[in-house]
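Undergrad: Structure provided below as structure tokens; questions to follow.
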Amino acid sequence: MQVRPAVVEDAQRVAEVHVWSWQTGYHGLLPQPFLDELRPSQRVPRWKRIIQQDVWPRQGTLVAEDAGEVVGFVNFGPTRDDDHDSVGIGEITSIYVLPTAWRRGVGRRLMTMAMLALRTADFASATLWVLEGNVRAIRFYERLGWQPDGGVKDDVIGGIVGGARFELA
Ligand SMILES: CC(C)(COP(=O)(O)OP(=O)(O)OC[C@H]1O[C@@H](n2cnc3c(N)ncnc32)[C@H](O)[C@@H]1OP(=O)(O)O)[C@@H](O)C(=O)NCCC(=O)NCCS
């Protein structure tokens, strides 16, 4: 497995991994009709824009490739939270692995490389938001040393569900 910075040509595949990982990972957490209607094509323009705006190492998108195929990605940057200092605190904005590749160390590799980039960019710590009830992700984050910092919000996905903030110092 290889982890490398995403290029704009990856946007289609990143959008596929994003949607398929949502549909499996958020089953039972988000309304089923909402999940059923998700289409990778809706997200390609957004991912193209995000990848084009990457500013290494402060803000970036990394993809994990296995046998030449992208099986996961992570996006990170300065925190977007109003109550935090965006100069010193980074954020893991999204991390998604293809369901068929779960529990093979892909997420761990992506997170390690993203945190390396954030530390290279002089961020002292980082945070991320996780959906309430997303036990799989919570176990994953806790295993990697992340802990809840007490931050909560009720509008993680358009007011549908709440979420908790985790931090890694
Ligand atoms: C969360 C996610 C990114 C983890 O990726 P992954 O590649 O499966 O994780 P890894 O294989 O690197 O797991 C690393 C460690 O985390 C823990 N872990 C991962 N998944 C777990 C699970 N389902 N249950 C318990 N522990 C888990 C384990 O300790 C694991 O190490 P081990 O397999 O040696 O025991 C992946 O499950 C995913 O894409 N989920 C859906 C999307 C999502 O919820 N993203 C997070 C949004 S906030």
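Undergrad: Okay, helix-only estimate at 222 nm for the chain: each DSSP H run of n ≥ 4 adds -39500 (n - 2.57), divide by all residues, round to 500 deg cm²/dmol; what do you get? Provide the component values of the computation, followed by the final result.
TA: Working: 5 runs with 57 residues, N = 169.
Computed ellipticity for the chain at 222 nm equals -10500 deg cm²/dmol.
Undergrad: May I ask you to list the trypsin sites (Lys or Arg not before Pro) in the range 1-102 that are in a DSSP loop and have at most 14 other Cβ atoms within 10 Å of their Cβ?
TA: Values: sites: Arg13, Arg43, Arg46, Lys48, Arg49, Arg58, Arg80; in loops: Arg58, Arg80.
Those that pass, being in a loop and sparsely packed, are Arg80.
Undergrad: Identify the GluC sites (Glu not before Pro) of the range 48-111 meeting these criteria: DSSP loop state and at most 10 other C-beta atoms within 10 Å of the C-beta.
TA: Values: sites: Glu65, Glu69, Glu91; in loops: none.
Filter output for the range 48-111: empty list.
Undergrad: Based on the Cα gyration tensor of the range 70-152, what are the three equivalent ellipsoid semi-axes, each the root of five times an eigenvalue, rounded to whole Å and given largest first?
TA: Working: eigenvalues 92, 49, 21 Å².
Values for the range 70-152, descending: 21, 16, 10 Å.
Undergrad: Under a crude label model (7 Å from the Cα following the beta-carbon direction), how far is Asp122 from Gln53 in nanometres?
TA: So the label points at Asp122 and Gln53 sit 2.3 nm apart.
Undergrad: Could you give each residue of the range 112-121 its phi-based ³J(HN,Hα) in whole Hz, using Karplus coefficients 6.51, -1.76, 1.60 with θ = phi - 60°, and x for Gly or Pro?
TA: With the stated coefficients, the range 112-121 comes to 4, 5, 5, 5, 4, 5, 4, 6, 4, 7 Hz.
Undergrad: Right, here's the next one. Starting from 0.36 nm per residue, how many nanometres of slack lie between Glu65 and Val87 once their C-alpha separation is accounted for?
TA: On the way: separation 22, 0.36 × 22 = 7.92 nm, distance 3.07 nm.
Answer, rounded to one decimal: 4.9 nm.
Undergrad: Could I ask something else about it? Points 7 angstrom from Cα along the Cβ direction at Gln23 and Glu37: gap in nanometres?
TA: For Gln23 paired with Glu37, the spin-label model returns 1.6 nm.
Undergrad: Here is a further query. If you average 1/r across every pair of different Cα atoms in the range 1-54 and take the reciprocal, what Kirkwood value do you get, in Å?
TA: Values: mean 1/r = 0.0835 Å⁻¹.
Mean inverse Cα-Cα distance, inverted, gives 12.0 Å.
Undergrad: Shifting gears a bit: I want the antiparallel fraction of DSSP beta bridges within the range 2-168, as a percent rounded to 5.
TA: Working: 29 of 33 bridges.
Approximately 90 percent, going by the DSSP bridge assignments.
Undergrad: Can you divide the C-alpha Rg of the range 80-119 by 2.2 N^0.38 Å and report the result to two decimal places? The partial results should precede the final answer.
TA: Numbers: Rg = 12.8 Å, N = 40, 2.2 N^0.38 = 8.9 Å.
Working it through for the range 80-119, the quotient is 1.43.
Undergrad: Also: If contacts are Cα pairs under 8 angstrom and at least 6 residues apart, what is the relative contact order of the chain in percent?
TA: On the way: 295 pairs, mean separation 34.1, N = 169.
Value for the chain: 20 percent.
Undergrad: Further question: Explain nothing, just compute: Karplus ³J(HN,Hα) = 6.51 cos²θ - 1.76 cosθ + 1.60, θ = phi - 60°, for every residue of the range 42-53 in order, whole Hz, x for Gly and Pro.
TA: Taking θ as phi minus 60°, the curve returns 5, 9, 4, x, 5, 5, 4, 5, 4, 5, 5, 8 Hz for the range 42-53.
Undergrad: Here is a further query. Count the net charge of all other residues whose Cβ sits under 14 Å from the Cβ of Arg109, scoring Lys and Arg as +1 and Asp and Glu as -1.
TA: Values: positive: Arg4, Arg103, Arg104, Arg108, Arg143; negative: Glu65, Asp66.
That works out to +3.
Undergrad: Dividing the convex hull volume of the Cα atoms of the range 2-168 by its residue count, what figure in Å³ per residue is obtained? It would help to have the intermediate numbers written out before the result.
TA: On the way: hull volume 18.4 nm³, N = 167.
Convex hull of Cα atoms, per residue: 110 Å³.
Undergrad: Please build a GNM for the chain, connecting alpha carbons under 10 Å apart, and tell me which residue among Leu118, Leu38, Leu110 fluctuates the most.
TA: Of Leu118, Leu38, Leu110, the most mobile in the Gaussian network model is Leu38.
No lab work stands behind these numbers, since they all come straight from the coordinates. As the structure is a prediction and not an experimental result, all values here were calculated from the model. Reconstructed Cβ throughout: ideal geometry from the backbone, glycine too, with neighbour counts over all protein chains shown.
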